[in-house]
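Enquirer: Structure below; questions to follow.
The values are calculated or read from the model by the stated rules, or taken from the named source; none is laboratory data. Keep in mind that this is a model prediction, so the values were computed, not measured. Here the Cβ is made from the backbone with ideal geometry for all residues, glycine too, and neighbour counts use every protein chain on show. Keep in mind that these areas ignore ligands, DNA and RNA; they rest on the heavy atoms of the full protein, side chains included. Shrake-Rupley method; radii C 1.70, N 1.55, O 1.52, S 1.80 Å.
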Amino acid sequence: GTASPVVPGGEAAPHWATPDTIVFESDGKLFWISESTGERELLFESDSIIASRPRLLPDGSGVLFHTADPEGASSLGRRVMFYHFDREELVEVAPSGLSPRYVEPGYVVFAHDDQALMAVRFDPDTGPVGAARTVLSDVTVFRADAPYDISSDGILIYNGRPSTTVGLDGRRAFDMVDLDGVVTPLNLSPGMLTLPRFSPDGSRIAYHVGTPNDAEIFIYDVATGASPQFTDGGGRYPVWSRDGTYLYFASNRADGVWNGYRRRSDGSTPAERLWNRPNEGNPRDLAPGDSLLLIRENGPETSRDLLLMRVGPEPQDPDRAVVEDYLTAEWQDVSDQEGEDRVFVQSFPRPTGRQSVSPGAGTEPLWGPGGDVLYYRTGTTYYAVDVQLDPFAVGAPRRLFEHPPAFRESPLLWPLQRWDIHPDGDRFIITVRRDSPSADSGDEIVDPSVELQDLYLVTNWFAELRERMGEVR
């Protein structure tokens, strides 16, 4: 049948707790909505707790959740908590952990940074009983969630942990790939590399090194192979000005919030802050003429939005910067309003005339230098689409080549543009894996992008759980 919204806005992590009740998080608070009223109700009020991933207990006595880490670095800053409805009381279940689940006959299972599931005996009326124990190792655990679940009759399903650390292990590198799929590795040591961007003349490549919350930008010189660090104090999402004079980027150096900056690309001037806004925002592109900057911002109500800001040659007061809405909606900007990530084209700078480019799934679109071809990828397959601008029309996608991209990072982390096109339009730079052993050794290389899709299912897991908790000899 037809899907219809239950609650509009930026809500997340819904748990269909009972046949007529759904609990969910919104802006750090927990709510529920029932079929009988159709109205959402705040579960509890707290100024000191940022709540996430709620799970209602089967008997409806309370809700489990984990607190968010203000720094966003790892699950070590998160606590597993329980709120008892009748007593209106908050109880700490575990001082460190995330994604809790309640299972009979009285355990709370939760994930931990050690890439494991732990469990503790739990009584809703009295709280945790005894010490927590590890009950399953080698489980994928991200910084904000863990992909696992447990059915009421004891079936466990989870993502196994790959042989190398997921997402942040520093084994990324860059390949040059021509339109026929011929690969030339870039002479740059592997590391936590991504977001490559060609300069307008193709002589330099700006790229990002680090984790989402601890990143810096480097610039690679194609002729010399030198790669000096460009930012100092936080930098990600590099965007070149059309003449290559400036590099725009996001930084959290001032107050911990990722806002926009720019600096002359030769490093001869200090970084200039462009805007000061409370929500995380990253530069995405510049319109011709370098006067209009496209920004992707994480809005509290509408998730990832596209905004516009006019920039000029002279510095301006970031507190007075004028930022306009371009595309704000409940779906993502790439966009997932059709139920999957797809590529659309829309007029600019006024958002009219939206048209689908990818007939099915598609991500990370790139315009060709002439503006008459649009490129995108679906998994490991790369496509090109001919585009006519006046009148606007798109052709059928044509397959270019297969090439394994960088490992698939968790959608819970951050959206990335892992490739770019050379100004000549004849080749791409693509972020890829570089595992050890090397490809030349003849040994098998494990690809975590495949391993992340491996699901393990364990039947009768409650018997193993009781044994691990020391209750069965």
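Enquirer: Do you know the relative contact order of segment 141-266, to the nearest whole percent, from alpha carbon pairs under 8 angstrom that are 6+ apart?
Expert: Contact order relative to length: 13 percent.
Enquirer: Quick one: which residues, 5 or more positions from D290 or on another chain, have an amide H under 5 Å from its amide H? H modelled 1.01 Å from N in the peptide plane, none for Pro or chain starts.
Expert: The list, which skips near neighbours in sequence, is R242.
Enquirer: Inverting the mean 1/r over all pairs of different Cα atoms, compute the Kirkwood radius of segment 261-317 and quote it in Å.
Expert: Result for segment 261-317 stands at 12.5 Å.
Enquirer: How would you rank 244-256, 356-368, 125-137, highest first, on the average number of other Cβ atoms within 10 Å across their residues?
Expert: Peptide ranking by packing, descending: 244-256, 356-368, 125-137.
Enquirer: Something else: Based on alpha-carbon atoms only, what is the radius of gyration of segment 168-249 relative to the globular estimate 2.2 N^0.38 Å?
Expert: Against the compact-globule rule of thumb, the ratio is 1.08.
Enquirer: Same structure again: What percentages, rounded to whole numbers, describe P(r) for segment 176-313 computed over all alpha carbon pairs with 10 Å bin width beginning at zero?
Expert: Binned Cα distances yield the sequence 12, 42, 34, 12, 1.
Enquirer: Starting from the amide H of A116, placed 1.01 Å from N in the peptide plane, find each other amide H under 5 Å away whose residue is 5 or more places distant or on another chain.
Expert: Distant-sequence amide H within range of A116: V139.
Enquirer: Taking all protein chains as present, what is the carbon and sulfur share of the accessible area of segment 152-269, in % to the nearest whole number, probe 1.4 Å?
Expert: 48 percent
Enquirer: Name the long-range amide H neighbours of D285: under 5 Å, sequence gap of 5 or more, or other chain; modelled H, no Pro or chain starts.
Expert: Amide H to amide H, under 5 Å and 5 or more residues apart or across chains, D285 pairs with L294.
Enquirer: Using only protein heavy atoms and a 1.4 Å probe, report how much of W275 is accessible, in Å² to the nearest 10.
Expert: Per-residue accessible area (W275): approximately 0 Å².
Enquirer: Can you work out the Karplus-derived ³J(HN,Hα) for every residue in segment 380-387? Use 6.51 cos²θ - 1.76 cosθ + 1.60 with θ = phi - 60°, whole Hz, and x for glycine or proline.
Expert: 9, 9, 10, 10, 10, 10, 6, 10
Enquirer: Here is a further query. Taking 2.2 N^0.38 Å as the expected size of a compact globular protein, what ratio does the Cα radius of gyration of segment 231-295 give against it, to two decimals?
Expert: After normalising by residue count via 2.2 N^0.38 Å, the value is 1.03.
Enquirer: A follow-up question, please. Return the distance in nm (one decimal) between the two label points of a simple spin-label model at T184 and A12, each offset 7 Å from Cα along Cα→Cβ.
Expert: About 4.1 nm separates the two model spin labels.
Enquirer: Place a label point 7 angstrom from the Cα of E324 along the Cα-to-Cβ direction, then list the residues of segment 352-380 whose backbone nitrogen is under 18 Å away.
Expert: Counting backbone N atoms under 18 Å from the label point, the list is 352-354.
Enquirer: To the nearest 0.05, what FRET efficiency results for R354 and D232 with a Förster distance of 45 Å applied to their C-beta separation?
Expert: It comes to 0.65.
Enquirer: Something else: For segment 180-310, what is the accessible area per residue in Å², given a 1.4 Å probe and the full set of protein chains?
Expert: With the other protein chains kept in place, segment 180-310 gives 40 Å² per residue.
Enquirer: How do the peptides 81-91, 180-190 rank, highest first, by the average count of neighbouring beta carbon atoms within 10 Å per residue?
Expert: Highest to lowest by the protection proxy: 81-91, 180-190.
Enquirer: Another question, then. I'd like the Karplus ³J(HN,Hα) series for segment 258-275: coefficients 6.51, -1.76, 1.60, θ = phi - 60°, whole numbers in Hz, and an x wherever there's a Gly or Pro.
Expert: Using θ = phi - 60°, the values come out as 6, 10, x, 9, 8, 8, 4, 5, 7, x, 7, 10, x, 6, 10, 6, 9, 8 Hz.
Enquirer: Report the gain in length on full extension from F392 to L90: 0.36 nm times residue separation, minus Cα-Cα distance, nm rounded to one decimal.
Expert: 103.0 nm
Enquirer: Just to verify a number: FRET efficiency for W367 and H422, C-beta to C-beta distance, R0 = 22 Å, to 0.05?
Expert: Taking R0 as 22 Å, the efficiency between W367 and H422 is 0.95.
Enquirer: Using 0.36 nm times the number of residues separating S46 and Y456, minus their current alpha carbon distance, what extension gain do you get?
Expert: 143.9 nm
Enquirer: Along segment 98-105, what does the Karplus equation 6.51 cos²θ - 1.76 cosθ + 1.60 (θ = phi - 60°) give for ³J(HN,Hα), rounded to whole Hz, x for Gly and Pro?
Expert: Those phi angles translate into 7, 6, x, 9, 9, 10, 6, x Hz.
Enquirer: Turning to a different aspect of this structure: Of the listed peptides 374-383, 146-155, 95-104, what is their order by residue-averaged count of other C-beta atoms within 10 Å, with the highest listed first?
Expert: The peptides rank, most packed first, as 95-104, 374-383, 146-155.
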